[in-house]
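The values are calculated or read from the model by the stated rules, or taken from the named source; none is laboratory data. Because the structure is a prediction, the values reported are computed rather than measured. Cβ placement follows ideal geometry from the backbone for every residue including glycine, while neighbour counts extend to all protein chains displayed. Surface areas here come from the heavy atoms of the whole protein model, side chains and all, with no ligands, DNA or RNA. Shrake-Rupley method; radii C 1.70, N 1.55, O 1.52, S 1.80 Å.
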Amino acid sequence: QVQLVESGGGLVQPGGSLRLSCATSGTIFSINIMGWYRQAPGKQRELVATISNNGHTNYADSVKGRFTISNDNAKNTVDLQMNSLKVEDTAVYYCQRVQSGRTYWGQGTQVTVSS
């Protein structure tokens, strides 16, 4: 089993920054993809960014140039640095890990962008 625990959410004003972190524990395989997804009220969960164990990244168009995903393979963590936050970035952010054909999710952390 794999457990993912997110941290770092909160309330921030438009234009501000937040950093989310996700820690992995349990049965860990080195070949993996980790990512962040988000779900706003009344909307479907959507991709924010992903990163593979070899560092290949992928971003949603809506966050390109503002968000940066990074990982630490030794610590099995993935971070999401979010800059220039907008009201429309408000959502619950979920950490995801894919390994050995299985997908695991964290419990989510709330990010609220509001003045």
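Each principal axis of the chain carries a Cα extent, and these read 41, 25, 22 Å when sorted largest first. With θ taken as phi - 60° and the Karplus curve 6.51 cos²θ - 1.76 cosθ + 1.60 applied, the whole-hertz 3J(HN,Hα) list for the range 3-17 is 10, 10, 10, 8, 8, x, x, x, 9, 9, 7, x, x, x, 10 Hz, x standing for glycine and proline. The simple spin-label model puts a point 7 Å past each Cα toward its Cβ; for S7 and S70 those points are separated by 1.7 nm. Just the number, please: carbon plus sulfur as a percent of the accessible area of the chain, 1.4 Å probe, no ligands or DNA/RNA counted. Exposed carbon and sulfur together represent 49 percent of the surface.
Among the trypsin sites (Lys or Arg not before Pro) in the range 73-115, those placed in a DSSP loop whose Cβ has at most 10 other Cβ atoms within 10 Å are K75.
Accessible area per residue for the chain, computed on protein heavy atoms with a 1.4 Å probe, is 53 Å². Compute the signed sum of charges (Lys and Arg +1, Asp and Glu -1) over the other residues within less than 9 Å, Cβ to Cβ, of R66. With Lys, Arg at +1 and Asp, Glu at -1, the net is +1.
If you run the Gaussian network model on the chain, springs between alpha carbon atoms under 10 Å, then out of Q96, Q44, Q13 the most flexible one is Q44. With Cα atoms defining each centre, the range 51-111 and the range 20-47 are spaced 6 Å apart in the structure. Using C-alpha pairs under 8 Å with a sequence gap of at least 6, the mean separation divided by the residue count of the chain gives a relative contact order of 37 percent.
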